[in-house]
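Visitor: Handing you this structure, nothing more for now.
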Amino acid sequence: MNKIGAGLDFGNSNTTIAVYDGKNINYLRIDSGLNKGVVMPSALYIHKNKEFETGSRALLRYLEENTNRKIRLSEVEVGTIEVHMGEMDRDYFVERDRSFTARLHARIDQDMPGRLFRGLKMYLGEKEETRFRIFDKFFRLEALLNMLLRSVRESWEKQGYSFSSIHIGRPVRYQGSSDNKNDQALIRMKKALSLAGYPAPLFLEEPIAAAWSYLDDHSLEKGNTLLVFDFGGGTLDLALLEKLEGKSFRVLDTSGLTRAGDWIDREIYSRIVFTHLGKGAEVPFTKDDGSRSSYPFPFSEFEELLLNWQSTHLLNQARYLEDIDRALLAGGETTLRVDRLNRLIRCNGSFTLIKLIEQAKKDLSDQEKTRLVYPEINLDIELTRDDLKTVISSFLKEIPVLINDLLQSAGIDTVDRVVSTGGSSLIPDIRGLLENRFPGVVEEWDPFHSIAAGLAMADYYS
Ligand SMILES: Nc1ncnc2c1ncn2[C@@H]1O[C@H](COP(=O)(O)OP(=O)(O)OP(=O)(O)O)[C@@H](O)[C@H]1O
Ligand SMILES: [Mg+2]
């Protein structure tokens, strides 16, 4: 059989696999959705019966089974701790009769049909081992990644492929809290890949992979410089390269940020949408002496659980719902806003809202304004490109500094070509930033395939 190079771009949002035979690139249909797409959402849904789905079907199943589901929380015992109270007497601990055993409880969503995981890549660089409670068991990150990666392997095998080697993309800087997050992340990733039955992987930084595929298709003169700008869902990755003979190149330096498209969605949620759910609302009430006054609705108590859609169901507890009920009696503007929050919590709609926010953000890449409409919670607001520009203002300041530092490290102040790729590079103000800094030399390069293609090429020639 002829040699085949394989490349897996395991992204925070999307996963793509490409094969290269020395002439042509082919993207494999790995998604489980009806149209069997080549770009698979990096999503995993585990049912209560331990069966699981990946990709588009995982998202669909989650939405089907969870939207408008009434949440019933019950308290379960998850363990006990023994507390020994006493005093130190010289070197001895003298226990007094105040020792006791405390039972630890957690609130469980008792009717939850399954759990959805998105963006598992972002946990790879965490300091502590990440374990996820899934019904009655704890799963390690590697075990969940194994399920996702295994389904990709089974999918390529069904299409008649088998690989003796594979190149896998990695960001320049992984997200996470570990001091040595890159090393940590690669160890965990290797473990998961090995569990999933992959051949020993070779890792390549994602923007370097994009350079492989770009240079296979475009000519650049020897000695020219190229900046690859890969802005995805979890990270921004940059690579600065110098073109050598033929299609080869030399990497001058790399750089990156550990925030990207997902962060933007969360910022739209907290900086724009929260106001429409009751942030900043004043709840009017009548004092004992008959005069009118107001108190601030305690929205800050809700914020974290709203942003973390996996945990939003925990807001279905008396301590939160009582605050809402009190505000709902107040009437007027406050009621309107808090009623949206009430509906969102009770219909378990946080994930749907995040997806609608993401879609509105994407719409703004093609149009000046759009509407964010979620009828079930009575939300209908306009979002403009200016709103998005305000939300991403920190990126618009940080990115030029990052680029300048990268160029400075190579002793140059401009480049001959800029290649922009990754879904978030489609945001017009990001594109504008690159155009202003490097007029006339910015090219968009296959935002959702460029990395998998380049990985397959690198694998072929390795
Ligand atoms: N048209 C668009 N306009 C703006 N953003 C978009 C558009 N299309 C996709 N995105 C955003 O791009 C991100 C996904 O891009 P991509 O598939 O390149 O990421 P990824 O490779 O999975 O992530 P990473 O490389 O960070 O691991 C998401 O945040 C998505 O919302
Ligand atoms: Mg990517």
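Visitor: Which distance in Å, rounded to a whole number, links the C-alpha centroids of segment 141-184 and segment 405-443?
Guide: Segment 141-184 and segment 405-443 have Cα centres separated by 29 Å.
Visitor: Give me the 1.4 Å probe accessible area per residue for the chain, excluding ligands and nucleic acids, in Å².
Guide: 47
Visitor: Also, quick follow-up: Taking Rh as the Kirkwood radius, which is the inverse of the mean 1/r over Cα pairs, what is the Rg/Rh value for segment 186-345?
Guide: Rounded to two decimals, Rg/Rh equals 1.27.
Visitor: With n ≥ 4 as the cut-off for DSSP H runs, can you work out [θ] at 222 nm for the chain, using -39500 (n - 2.57) per run divided by the number of residues, rounded to the nearest 500?
Guide: -10500 deg cm²/dmol
Visitor: Taking amide H positions as placed in the peptide plane 1.01 Å from N, state which residues far from Thr15 in sequence (5 or more) or on other chains have amide H under 5 Å from it.
Guide: Excluding prolines and chain starts, which carry no amide H, the hits are Met40, Ser42.
Visitor: Can you give the accessible area of Thr384 in Å² (nearest 10), computed on protein heavy atoms with a 1.4 Å probe?
Guide: Probe radius 1.4 Å; accessible area of Thr384 about 30 Å².
Visitor: Suppose every Lys and Arg Cβ carries +1 and every Asp and Glu Cβ carries -1, with no other charges. What dipole size does the chain come out with about its Cα centre, to the nearest 20 debye?
Guide: 1060
Visitor: Follow-up. State the extension gain, in nm to one decimal, for the chain segment bounded by Glu157 and Ile187, taking 0.36 nm per residue of separation less the distance between their alpha-carbons.
Guide: Contour length minus the Cα-Cα distance gives 8.3 nm.
Visitor: How large is the charge dipole for segment 262-388, taken about the Cα centre, if only the Cβ atoms of Lys, Arg (+1) and Asp, Glu (-1) carry charge, to the nearest 20 debye?
Guide: My answer is approximately 160 debye.
Visitor: Hey, with R₀ at 30 Å, roughly what FRET efficiency would Lys23 and Asp429 work out to, going by the Cβ-Cβ distance, to 0.05?
Guide: After rounding to 0.05, the efficiency reads 0.20.
Visitor: Each residue of segment 308-313 in order: what ³J(HN,Hα) in whole Hz does its phi give by Karplus 6.51 cos²θ - 1.76 cosθ + 1.60, θ = phi - 60°, with x for Gly and Pro?
Guide: So the J values, rounded to whole Hz, are 9, 4, 4, 10, 4, 4.
Visitor: Please pull out the direction-averaged projected area of segment 321-462, using the convex hull of its alpha-carbon atoms, in nm² to one decimal place.
Guide: Convex hull of Cα atoms, orientation-averaged projection: 13.0 nm².
Visitor: I need the calculated FRET efficiency for the pair Asn308 and Arg385, taking r as the beta carbon distance and R₀ as 30 Å, to the nearest 0.05.
Guide: 0.60
Visitor: On a straight-distance basis, which aspartates and glutamates could pair with Lys50 in a cross-link, Cα separation under 17 angstrom, same-chain partners fewer than 8 positions away excluded?
Guide: By straight Cα distance, Lys50 reaches Glu65, Asp109, Asp111, Asp136, Glu142.
Visitor: For segment 151-209, what does the equivalent ellipsoid look like in terms of its semi-axes, each the square root of 5 times an eigenvalue of the Cα gyration tensor, given largest first in whole Å?
Guide: Semi-axes from the Cα gyration tensor: 24, 13, 9 Å.
Visitor: Can you give me the distance in nm between label points at Asn2 and Leu202, each placed 7 Å from the Cα along the Cα-to-Cβ direction?
Guide: With each label placed 7 Å out from Cα toward Cβ, I get 2.0 nm.
Visitor: Check which residues have an amide H placed less than 5 Å from Glu205's amide H, if you skip close sequence neighbours.
Guide: Arg170
Visitor: When only DSSP loop residues count, what GluC sites (Glu not before Pro) in segment 186-257 have their Cβ near at most 12 other Cβ atoms within 10 Å?
Guide: Passing both the DSSP loop test and the Cβ count: Glu221, Glu245.
Visitor: May I pose another question? How much of the accessible area of segment 174-304, probe 1.4 Å, is carbon plus sulfur, in whole percent?
Guide: Here it works out to 47 percent.
Visitor: Oh, and also: Quick one: plug the Kirkwood hydrodynamic radius of segment 262-388 (C-alpha pairs) into Stokes-Einstein at 4 °C, 1.567 mPa s, and report D in µm²/s.
Guide: On the way: Rh = 15.3 Å.
Value of D from the Cα-based Kirkwood radius: 85 µm²/s.
Visitor: How long is the gain from Ser394 to Thr286 if the chain were fully straight, where each residue apart is worth 0.36 nm and the alpha carbon distance is subtracted?
Guide: Gain on stretching Ser394 to Thr286: 34.6 nm.
Visitor: Then there's this: In a shell of Cβ-Cβ distance under 12 Å around Ile71, excluding Ile71 itself, what net charge do Lys and Arg (+1) and Asp and Glu (-1) give?
Guide: +3
Visitor: Still on this structure: Based on the Cβ-Cβ distance from Gln367 to Gln317, what FRET efficiency comes out when R0 is 60 Å, to the nearest 0.05?
Guide: Calculated value: 0.90.
Visitor: Given Ile451, Leu141, Leu240, which one lies farthest toward the positive end of the charge dipole of the chain, if we put +1 on the Cβ of every Lys and Arg and -1 on the Cβ of every Asp and Glu?
Guide: Result: Leu141.
Visitor: Related question: Roughly how compact is the chain, stated as its Cα Rg over 2.2 N^0.38 Å to two decimals? Numbers along the way, then the final one.
Guide: Values: Rg = 25.5 Å, N = 462, 2.2 N^0.38 = 22.6 Å.
Taking the Cα Rg and dividing by 2.2 N^0.38 Å, one obtains 1.13.
The values are calculated or read from the model by the stated rules, or taken from the named source; none is laboratory data. The structure displayed is predicted, hence computed values, not measured ones. Neighbour counts run over all protein chains shown; Cβ positions are idealised from the backbone, glycine included. We work out accessible area using only protein heavy atoms, side chains counted, and drop any ligands, DNA or RNA first. Shrake-Rupley method; radii C 1.70, N 1.55, O 1.52, S 1.80 Å.
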